[in-house]
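Trainee: Once you've had a glance at the structure underneath, I'll fire off some questions.
The values are calculated or read from the model by the stated rules, or taken from the named source; none is laboratory data. Note that this is a predicted model, so its numbers are computed, not measured. Positions of Cβ are generated from backbone atoms using ideal geometry, with glycine treated the same way; all protein chains shown enter the neighbour counts.
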Amino acid sequence: MKKLTSVLVTGCGGDIGTGVGRIIKGLGMVGTLVGADVSTDNAGKFVFDACEILPPASSPKYLTQLEQLVKKYNAELVVPAADAEIRFFSESNFAGDISGAAVVMANSEALRVGADKLQTYEFLKSNALPYPWTCIVGEHTPLALPCIIKSRYGRGSKGVELVEADHVAYLTKKRPADIWQEYLTPDDEEYTCGIYGCANGDIRTIIFKRRLGGGLTVAGEVVENKDIDDVLRRVAQGLGLRGSINAQLRLTQKGAVIFEINPRFSSTVVFRHKLGFKDVLWAIEEKTGNAPSPYTPPRVGTKFYKGYTEYINPSFEAGSGTVSKSRGPHTLTLRPAAMGDAEVLFQWRNDETAWREFRNARPVVWEEHKRWLTKTLNGEFPGRIIMIAEYAGEKIGVVRSDERENGLSEVSYQVAPEWRGQGLGKRMALEFVKTHLSGHTLMAQIKKGNVASESVARALGLKPFKEETSDNPDDRRALVEWR
């Protein structure tokens with residue numbers, strides 16, 4: 001195919017956006033590769049030839065400014081990589097192009113079914129596919145416990161929690177518009193699967209059994225499973241699939257059960273491309289009127305691992321990315337939490353100064369903590385990312401985010417007692433947000449009067465939004481939500 005003048009990738013600062021950008025750049029098929037996001041303060045500037053500001057998809061100015069960028073760079077294709085944008089196109093029943101640029105995404109039926117989790121359930125059920133029971137929180141009680149609660153709309157990691165019996169009444173009142181969903185077991189049989197529907201009706205699939213760390217896919221293995229492949233192909237046929245989608249499923253006693261359909265490229269898009277499942281290339285080829293390149297499935301048993309790439313901005317100002325103490329400057333780094341961190345996390349969690357600032361203001365016992373960490377690392381809270389901060393060769397804190405039912409990403413952190421008072425909490429949070437939450441709308445919950453955490457919230461651009469009075473007789477401070 002001929003070389004394209006320009007391609008615009010939105011959500012360019014996120015892991016999917018940078019992944020798509022790296023793939024396109026590596027193909028050498030584009031003159032100018034342009035990225036756009038709500039901020040340019042992210043790693044996208046090291047991947048794309050140009051990075052532009054684009055308001056969030058919820059903004060009334062989003063489409064107008066997107067059209068302006070297409071015209072500015074004479075873009076021939078637009079590739080949306082952020083979930084909020086995919087949902088925008090789905091809900092607006094978008095069809096056609098943007099100022100002459102074709103939009104690279106799945107067909108409208110795939111968008112409709114994938115964007116609404118109740119529609120996903122109805123689709124699976126009506127097509128006689130295995131499905132997790134699913135119902136609206138405000139209209140039904142859970143059919144069995146424990147179960148999952150999640151947002152009805154948006155990507156599956158938003159607002160996902162494992163629900164026990166003692167939380168049902170509270171969540172029914174708090175989240176009536178969300179959905180209960182069957183908790184699928186076993187936990188160690190989770191798969192992420194790519195499905196590509198070609199214009200000629202050909203269906204291409206790839207199946208990874210994955211391992212999670214800190215809420216992210218950190219490793220996996222290519223597997224071959226006829227039952228899973230049959231389910232994926234039936235999904236593609238039922239959707240009349242054109243383009244790429246991603247299915248999350250667990251292999252249970254009743255077979256391969258899909259619990260999530262994401263109508264976009266996957267966060268494992270680079271792994272897949274390297275292994276021959278080149279859905280970004282195929283989508284571009286078909287959008288430009290060419291036949292998709294042939295697919296040679298990868299060798300079963302091939303394993304892959306997630307690593308991290310560091311970028312240094314030449315205009316970096318001294319002190320903006322390093323922390324100085326009397327023994328000299330050191331770089332603060334983040335890595336996914338692991339079970340080997342259980343003991344130090346337990347010690348930090350039960351530091352009295354720290355736990356008194358938590359909503360659940362009490363110490364925890366070891367077994368409770370170990371269960372919580374195991375569930376977190378196994379991905380039972382899919383919207384959660386938890387990272388260990390290291391500095392001067394030592395573990396100095398933890399920072400995490402949780403996707404809430406309102407679509408916000410709640411950020412929280414804790415600094416080890418011996419490292420407090422040096423501004424490290426702020427640096428941890430800023431680095432975490434820049435690396436993992438680009439394009440997300442943030443929130444934090446802070447007890448009134450916690451000056452250090454309030455300072456971090458302000459550094460993240462948050463302001464007090466609302467207060468919740470305390471019913472704890474030992475601590476009457478209000479819990480303040482910052483946005």
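A quick yes/no check of all residues on (1) within 17 Å of Thr252 (Cβ to Cβ); (2) more than 22 Å from the chain's Cα centre (by Cα); (3) in a strand (DSSP E or B):
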| site | (1), (2), (3) |
| --- | --- |
| His167 | no, yes, no |
| Thr172 | no, yes, no |
| Tyr191 | yes, no, yes |
| Asn200 | no, yes, no |
| Glu221 | no, no, yes |
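Trainee: For residues in the range 389-424 being of a type in the set (Asp, Glu) and more than 20 Å from the chain's Cα centre (by Cα), which is nearest to Asp178 (Cα to Cα)?
Mentor: This residue is Glu390.
Trainee: Next question, about the same structure. Just checking, how many residues over the range 58-86 are assigned to a loop (DSSP other than H, G, I, E, B) and more than 16 Å from Phe48 (Cβ to Cβ)?
Mentor: Qualifying residue count for the region: 4.
Trainee: Inside the range 247-269, can you point out the residues that are surrounded by fewer than 23 Cβ atoms within 10 Å (Cβ to Cβ) and touching a Ser or Thr at 6+ places or on another chain (Cβ under 9 Å)?
Mentor: Gln248, Arg250, Thr252, Gln253, Glu260, Ser267
Trainee: If you don't mind, there's one more thing I want to ask. Among Val218, Val222, which is closer than 22 Å to His436 by Cβ and among the β-branched types (Val, Ile, Thr)?
Mentor: That would be Val218, the only listed residue that is closer than 22 Å to His436 by Cβ and among the β-branched types (Val, Ile, Thr).
Trainee: Please specify each residue of the range 189-222 satisfying the condition of being among the basic types (Lys, Arg) and more than 19 Å from Ser293 (Cβ to Cβ).
Mentor: If the condition is that a residue be among the basic types (Lys, Arg) and more than 19 Å from Ser293 (Cβ to Cβ), then Lys209, Arg210, Arg211 are the ones that fit.
Trainee: Could you tell me which residue of the range 151-163 is farthest from Trp180 (Cα to Cα), considering only residues that are assigned to a strand (DSSP E or B) and at pLDDT below 90?
Mentor: Only one residue tops the list, namely Tyr153.
Trainee: How many residues are of a type in the set (A, V, I, L, M), outside any helix (DSSP H, G or I) and more than 11 Å from Arg152 (Cα to Cα) when one looks only at the range 104-142?
Mentor: 5
Trainee: Going through the range 17-43 one residue at a time, which ones are surrounded by fewer than 24 Cβ atoms within 10 Å (Cβ to Cβ) and either out of contact with any strand residue (DSSP E or B) (no Cβ under 8 Å at 6 or more places or on another chain) or assigned to a helix (DSSP H, G or I) (or both)?
Mentor: Those that are surrounded by fewer than 24 Cβ atoms within 10 Å (Cβ to Cβ) and either out of contact with any strand residue (DSSP E or B) (no Cβ under 8 Å at 6 or more places or on another chain) or assigned to a helix (DSSP H, G or I) (or both): Gly19, Arg22, Ile23, Ile24, Lys25, Gly26, Leu27, Gly28, Asp41, Ala43.
Trainee: While we're looking at this one, here's another question. What residue, among those in the range 297-331 that are among the β-branched types (Val, Ile, Thr) and modelled with pLDDT of 95 or more, is farthest from Arg22 (Cα to Cα)?
Mentor: The qualifying residue farthest from Arg22 (Cα to Cα) is Val300.
Results for (1) in contact with a Phe, Trp or Tyr (Cβ under 6 Å, 6 or more places away or on another chain); (2) loosely packed, with under 14 Cβ neighbours inside 10 Å; (3) closer than 28 Å to Leu216 by Cβ, shown as yes or no for each residue.
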residue	(1), (2), (3)
Ala429	yes, no, yes
Phe432	no, no, yes
Lys447	no, no, no
Glu468	no, yes, no
Val480	no, no, no
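Trainee: Here's a follow-up. Among the residues of the range 201-222, are any polar (S, T, N, Q) and surrounded by 23 or more Cβ atoms within 10 Å (Cβ to Cβ)?
Mentor: no
Trainee: Filter the range 53-87 down to the residues that are surrounded by 20 or more Cβ atoms within 10 Å (Cβ to Cβ) and either of a type in the set (S, T, N, Q) or closer than 23 Å to Ser151 by Cα (or both) and list them by number.
Mentor: Result: Ala57, Pro80, Ala81, Ala82, Asp83, Ala84, Glu85, Ile86, Arg87.
One line per residue, one yes/no per condition, for (1) in a strand (DSSP E or B); (2) farther than 24 Å from Ser108 by Cβ:
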| position | (1), (2) |
| --- | --- |
| Arg204 | yes, no |
| Glu224 | no, yes |
| Asp229 | no, yes |
| Arg234 | no, no |
| Asn246 | yes, no |
| Arg250 | yes, yes |
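Trainee: I would also like to ask the following. Give Gly11, Gly21 a once-over and let me know the one that is under 26 Å from Thr441 (Cα atoms), within 19 Å of the chain's Cα centre (by Cα) and free of Cβ contacts under 8 Å to residues at least 60 places away in the same chain.
Mentor: Sole residue among the options that is under 26 Å from Thr441 (Cα atoms), within 19 Å of the chain's Cα centre (by Cα) and free of Cβ contacts under 8 Å to residues at least 60 places away in the same chain: Gly21.
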